Amino acid sequence: MSAAVAKVAVVGCGISGAVCASLLAGKGISVTVFDSGRGPGGRMSQRRESSDNGDLLFDHGAPYFSISNEEVMDAVSSWERMGLVAEWKENFGCFDVNIAKFVDLENDGQNKKKYVGVPGMNSICKALCYQPGIETKFQTTIGKLDWLEGRNSWLLSGSGGENLGHFDGVVASDKSLFSSAHTPLTGRPPPLDTTLIPELAVKLQDIPRHPCYALMLAFSEPLSQVPVKGFSFKNSKVLRHAFCDSSKPGRLLSSSNCECWVLHSTAEYAAGIISKTGIKKHTSAALIEIAEELFREFESTGLVSSRPFFMKAHRWGSAFPASSIGGEAMCLWDGDKRLAICGDFCVSPDVEGAVLSGMRAASKLSSLLSCL
């Protein structure tokens, strides 16, 4: 191995996979990133939508992040120096639906700094995965991961059976690689045969997840009845959070008066919809109906005096993990197979947890590959 550069495949380019890929490349390892999406970001993706008022941008997944871990804070500080991250200096609140008023400011929002990617939440992933030493392959779905015992390497195949290359190690940060929850969407078993990793398979069997619907709204004028730029809903069975995307630093607006908001549903509401429809892809008509239902709940608060000129719903079917499976290692690791599994589901269901897991996965792989 010392005579040749080690090759690693990182599957999934959310923040966990992007951080891992960046650290591996920094160690001189050749990294290829695969992602089925059109670009990096995962739940930190930014959605671009067209309207009569011009293009609109929404952080429809993770709205912001806070940091308590020093190691992650060091990374965030470096991203801030690079202009990829900025502090979102706005007050947050809590709106009680029963009494129709804001009742207090959330402690977490007051005690911790809130950070956002600039000019979008996906800016961090973009910068990390396009570093020297990293090859990116988007719109590429992994169909199969085969461990070749004789070669001590992995062979990755695409969804159509095409050869995507041999790799000395694999980082799996995309839950669809091993989750049976995605089987109904493809009609095929998950790409990673977990019988190859029996000790990890038990932990991977059932990772509980919370579904969520995001509602993207754009208003011609600011919502003057809302005194904060982010808030939670109390006593609502439908809505959980609301965030004013256009108030974030570095956001470019098509109109100086335009205000863009992202609302997140409760997990209970989303689960109720999915229990009726299944996890198959929604029709456009179904998403329009869900968008109207979410907006009616928002409108009933009395905080909205006019209809938005843009409205669209998006389903996050299983993006929010409900528990952690990584333990003290903060990732899952099989040294014999040179396989690391990382993501927020290994640490905590937030950006900080995802970053930490990616760091630990990179450390495991780079340490092993440097000894071969």
### Task
Could you tell me which numbered condition Ala75 fails, if it satisfies all but one of (1) in contact with a Ser or Thr (Cβ under 7 Å, 6 or more places away or on another chain); (2) in contact (Cβ under 8 Å) with a residue 40 or more places away in the chain; (3) not hydroxyl-bearing (Ser, Thr, Tyr); (4) not assigned by TED's automatic domain parsing to the domain that holds Leu303?
(1)
### Message
Give me the residue from region 1-44 that is part of a strand (DSSP E or B) and in contact with a helix residue (DSSP H, G or I) (Cβ under 7 Å, 6 or more places away or on another chain) and, out of that set, surrounded by the most Cβ atoms within 10 Å (Cβ to Cβ).
### Response
Val10
### Message
Looking at (1) surrounded by fewer than 17 Cβ atoms within 10 Å (Cβ to Cβ); (2) within 20 Å of Arg251 (Cα to Cα), which one does Cys125 not meet, given that it meets all the others?
### Response
(1)
### Task
Kindly indicate which of Pro249, Pro227, Pro198, Pro211 is surrounded by fewer than 16 Cβ atoms within 10 Å (Cβ to Cβ) and either in contact with a helix residue (DSSP H, G or I) (Cβ under 7 Å, 6 or more places away or on another chain) or not assigned by TED's automatic domain parsing to the domain that holds Val116 (or both).
Pro198
### Query
Condition test on Thr266, is it at pLDDT 95 or above and farther than 21 Å from Asp59 by Cα?
no
### Task
Could you check how many residues of region 334-346 are over 14 Å from the mean Cα position of the chain (by Cα) and surrounded by 24 or more Cβ atoms within 10 Å (Cβ to Cβ)?
2
### Query
Among Ser77, Ser66, Ser16, which is polar (S, T, N, Q) and in contact with a strand residue (DSSP E or B) (Cβ under 8 Å, 6 or more places away or on another chain)?
Ser66
### Message
Yes or no: region 344-355 includes at least one residue that is outside the structural domain of Ser22 (by TED's automatic domain parsing) and in contact (Cβ under 8 Å) with a residue 60 or more places away in the chain.
### Response
no
#### Entry: Unique residue being surrounded by fewer than 16 Cβ atoms within 10 Å (Cβ to Cβ), under 24 Å from Asn98 (Cα atoms) and of a type in the set (A, V, I, L, M) when the list is Ala285, Ala271, Ala291
Ala271
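The values are calculated or read from the model by the stated rules, or taken from the named source; none is laboratory data. Since the model is a prediction, treat every value here as computed from it, not as a measurement. Neighbour counts are summed over all protein chains in view; Cβ atoms, including those assigned to glycine, are modelled from backbone coordinates with ideal geometry.
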